[in-house]
Amino acid sequence: PEAKAWVMQNVSYGMQTRVVFQCRSRFWKQEGLSINISPGHSALYNVWECATEIAGNRGILMASAQPGTTRPQAMEAFRAHYPGKAIDIEHVFIKDWFREAWSPVCERHEFQVGQLAKFWPNIIQPAGRIHFAGSGIDNNHHGMEAATRSAHRVARQIDEAS
């Protein structure tokens, strides 16, 4: 539909590379440092810890970076900006979302003041049998919580239609 096409053509998304650092130890804790760092470097925008509820010595760090960032670039930026000395990273994984056929963008940019009404509710409406879910298709514009909420919304819509 025309309204849906307008929304899809005018929503603004960011593109980032997701970086995952697999760590042999939670070295930042051993040094008494916070791992939540925001160097703002193109190969390392932000870094944060994940899977904190998992017992054990190993750790997982997530980071965002400029599209096309490579493993060596991300590691070099981490070394340059981590304030401690004991870096114990054993592997770096890179996920370039912009290379994906069905999910080429990352997170939706926030709507400017007064702009939400132009996009809502068309952004969440299905187009026939095609439903839209993801972090950008929720009023909370980013993160796993937004993606999960939109997936639940879609599941409810499909369930109610059957």
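Numbers for the structure displayed
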{"item": "Residue with peak Gaussian network fluctuation, the chain [Cα springs, cutoff 10 Å], from ILE94, ILE54, ILE123", "result": "ILE54"}
{"item": "Rg to Rh quotient for the chain, alpha carbon positions, Kirkwood Rh", "result": "1.06"}
{"item": "Segment 47-162: relative contact order in percent, alpha carbon pairs under 8 Å with at least 6 residues between", "result": "13 percent"}
{"item": "Inter-label distance for SER162 and VAL20, nm, one decimal - labels placed 7 Å from Cα along Cα-to-Cβ", "result": "2.9 nm"}
{"item": "Solvent-accessible area per residue, Å², over the chain with all protein chains present [probe radius 1.4 Å]", "result": "62 Å²"}
{"item": "Percentage relative contact order, segment 105-155, counting C-alpha pairs under 8 Å, at least six apart", "result": "31 percent"}
{"item": "The chain: most fluctuating residue of GLU76, GLU107, GLU53 per GNM, C-alpha cutoff 10 Å", "result": "GLU53"}
{"item": "Amide N of segment 10-50 lying under 16 Å from the label point, which is placed 7 angstrom from the Cα of ASP96 along Cα→Cβ", "result": "15-20, 43-44"}
{"item": "At R0 = 45 Å, FRET efficiency that the Cβ-Cβ distance of CYS50 and ALA5 yields, to 0.05", "result": "0.80"}
{"item": "Whole-percent carbon and sulfur share, accessible surface of the chain, 1.4 Å", "result": "53 percent"}
{"item": "Linear extension gain, SER12 paired with VAL113, 0.36 nm per residue minus alpha-carbon span", "result": "34.9 nm"}
{"item": "Helix-only CD estimate at 222 nm, as mean residue ellipticity for the chain, using -39500 (n - 2.57) per DSSP H run (n ≥ 4)", "result": "-8500 deg cm²/dmol"}
{"item": "Computed over segment 1-85: relative contact order in percent, which uses C-alpha pairs under 8 Å that are six or more apart", "result": "33 percent"}
{"item": "For segment 24-48 versus segment 70-131, the gap between their alpha-carbon centres in whole angstrom", "result": "18 Å"}
{"item": "Cβ-placed point charges (K, R +1; D, E -1), dipole of the chain about Cα centre in debye, nearest 20", "result": "160 debye"}
{"item": "Helix runs (DSSP H) in the chain reaching 27 Å along axis by Cα, Kyte-Doolittle at least -1.0", "result": "143-161"}
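The values are calculated or read from the model by the stated rules, or taken from the named source; none is laboratory data. All values reported here derive from a predicted model rather than from experimental measurement. Backbone-built Cβ (ideal geometry, glycine too); neighbour counts: all protein chains shown. Surface areas here come from the heavy atoms of the whole protein model, side chains and all, with no ligands, DNA or RNA. Shrake-Rupley method; radii C 1.70, N 1.55, O 1.52, S 1.80 Å.
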